Amino acid sequence: MSIYITFIICFGNNKKSNMHLLNLLFFTFAFFSHNVYSSFNTSVIPITKDDQTSLHKITWGYKVRQWDGEPYLLLDLEAPFTWKDIKITHSEVACGLEEGCRFPVRCDTVLCKEAKSYINPICPSLNITNKYGCNICSVTPHNPVSNVCKVSQLTTDLAELYSTNGRNPSQGPRWPFGTEFVLSCAPQSLTQSFPKNVRGVAGFSWSGLCFPRQLASTGVTNAAKFALCLPSSSSALGVTFLGEGPFYFTSNAKVDLRSYLSYTPMVRKSPKSLGYYIKINRILIKGTPVNSVPKGSSVKISSRVAYTTLRSDIYKALVASFTKATTGIPQVPAVKPFGLCFKDGAYGSGGVPKIDLETESGKVWSISGENSIKRVGNGVACLAFVDGGSKVTDPIVIGTFQMENNFLYFDLVNQKLGFSSSLLARGTSCGGFNFTQVGN
């Protein structure tokens, strides 16, 4: 059942009184929103793919509000905090976040100490307290595309988050004026290498300031858990869920996607590491183990690289095994950045051999043809894995191409990763959530 509430408020010339009326209106709306949407205990955010860069981006609302230029933010599984090219603003009269005012976070707060605990060695020095004192919290937002940092400061903003019952978005945001969260402002110059309309980064890392953890601390979601389902093209909306679910897609309306998940422990390399890691026992192609992959190898899950990147010895062993498994399929000259390419469509009745990652828990994450072969045009298709060189920090980094149309569930509370393998094999995709119909 939908509930509509109309308020008629007369504003006078007394600015202080007007602020009291605005606060009353806010809390009244919040009360009704909480009761109307109490069954919607998970937040939902759409994900869009930028075809030119293969990066994935989000907006807080499930419809981009073109009229006020709501920006996209890059989805980043390694950023310590969210940042956006907004400015600290001041007003001579009482002013709230919902009116566009932004206020600095002080240096002696817990939030500031958390932000400063993640220092990127490539970033500038933060020793600017002599100039500003403790009135600000200086931080260094980082551009993951250009690998550039700038000195800036923490502030707060509002996100208009929509809730879901697992099937549809709510009729309106959970809180009418938005949910307050901490982020860093940044100069516009830091966004120069980003895709069009992208104005910052959404942090989804292990950090205490990552967006899912902040929502969990405010009670907007049930727990510090989130799901990612990356779309494979810009024509479909993928989805991230913040919370415990349930999760349903329209093509399999009776199946909760959690039933598709297998789990393996997530590893945090140190108390302050930001990226998500799992361990694998081995890689198999057509059931045959790939050489040069030691048991217990560390695997990073990354939103920053388009294709899975392997240390040179592992890459060469994978290519050798895949070549053996595809004997008889015509090869063609390789197209960069790939090292092994075939005549597109020449796989025969056997299809593309699966690449299986046997995880630490013994469960298998299968990479099927849709996630292992990239069509590059002119009748050429390539093995979508990249040689990262012999001196890489992480021997195996799973890229976004291998994650597309896979349902991944990051449980930060119990430190485990849920993975579905390809949803296409189950008759659905990451474009299957019903963003167009509003739940009642």
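Here are a few things to note about the model shown:
- Normalised by the number of residues in region 350-440, the mean separation of alpha-carbon contacts (under 8 Å, six or more apart) gives a relative contact order of 20 percent.
- Note on Lys286 and Val151: with the Förster distance fixed at 56 Å, the Cβ-Cβ geometry gives a FRET efficiency of about 0.60.
- Based on protein heavy atoms only, region 256-381 ends up with 47 Å² per residue of surface accessible to a 1.4 Å probe.
- Surface share of carbon and sulfur [accessible, 1.4 angstrom probe, percent] for region 310-440: 48
- C-alpha center-to-center spacing [region 362-382, region 259-288] in angstrom: 20
- Summarising the label geometry, the points placed 7 Å from Cα in the beta-carbon direction at Lys336 and Lys254 lie 5.3 nm from one another.
- Overall, the anisotropy analysis places region 115-159 in the oblate class: the square-rooted eigenvalues a ≥ b ≥ c of its C-alpha gyration tensor yield a/c not less than 1.5, with a/b not exceeding b/c.
- Low-density loop cleavage sites - trypsin sites (Lys or Arg not before Pro) in region 183-245, where at most 10 other Cβ are within 10 Å (DSSP): Lys196
- Whole-percent carbon and sulfur share, accessible surface of region 143-255, 1.4 Å: 44
- Sites Ile88 and Ser189, calculated FRET efficiency, Cβ-Cβ separation with R0 22 Å, nearest 0.05: 0.85
- Cross-link pairs exceeding 27 Å between alpha carbons, from the set Lys57/Lys324; Lys87/Lys416; Lys269/Lys391; Lys84/Lys416; Lys57/Lys374; Lys295/Lys391: Lys57/Lys324; Lys87/Lys416; Lys84/Lys416.
The values are calculated or read from the model by the stated rules, or taken from the named source; none is laboratory data. Bear in mind that the values here come from a model prediction, so they are computed numbers and not experimental data. Every residue, glycine as well, gets a Cβ built from its backbone with ideal geometry; the counts of neighbours run over all protein chains shown. Heads up: the accessible areas ignore ligands, DNA and RNA and are worked out on the full protein's heavy atoms, side chains in. Shrake-Rupley method; radii C 1.70, N 1.55, O 1.52, S 1.80 Å.
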